[in-house]
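Heads up, the thing below is written out as structure tokens.
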Amino acid sequence: MKKILVLAISLSLSSCASIIHGSKQDVGFSSNPTGASVTINGESFAKTPTVVKLKRKDNHAVKITLDGYMPYEIILTRKVDGWIAGNIIFGGLIGLIVDAADGAMYKLSPEQLTAELKRESASTSFQEKKDGIYIGVTLTPNPNWEKIGTLEKGK
């Protein structure tokens with residue numbers, strides 16, 4: 001019985017990262033302006049501001065969208081966390097294996113994400129008035145737009 005207790009204690013102490021912060025991490029998402037939709041790995045979550053609990057062992061593709069604004073996209077990447085040193089200090093090869101398997105040895109970066117959303121550029125618009133036609137043109141075209149015509153000076 002005593003040997004089992006010692007083995008159980010040594011196994012639990014040897015996986016430091018799993019004990020300290022677990023295999024999931026809270027990541028905060030905010031945007032300017034607020035109220036944008038947060039999509040992670042193709043799955044819709046809440047609107048900004050929000051906090052989402054994500055698996056540490058995976059990279060995550062994040063897309064933040066709001067009508068009238070350009071989408072904001074980023075990849076949350078995993079990096080080795082400092083708590084893994086606890087396994088080395090306590091001599092826990094088993095703990096290292098456990099932390100690697102459940103992803104607890106990683107930390108997602110960035111931990112807090114703030115998306116500065118930029119307004120979509122308006123294409124062209126026109127208004128017909130008594131004294132003529134008024135045309136508005138954007139100076140920063142979207143590269144995905146398709147050219148449909150050219151204005152030429154009349155004779």
Which numbered condition Leu113 fails, given (1) at pLDDT 90 or above; (2) exposed (fewer than 11 other Cβ atoms within 10 Å of the Cβ); (3) of a type outside the set (D, E, K, R): (2)
Filtered residues of the stretch 26-69 (kept if of a type in the set (Ser, Thr, Tyr) and more than 9 Å from the chain's Cα centre (by Cα)): Ser30, Ser31, Thr34, Ser37, Ser44, Thr48, Thr50, Thr65, Tyr69
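The values are calculated or read from the model by the stated rules, or taken from the named source; none is laboratory data. Remember, it's a predicted structure, so these values are computed and weren't measured experimentally. In this analysis, Cβ positions are derived from the backbone assuming ideal geometry, glycine residues included, and neighbour counts consider all displayed protein chains.
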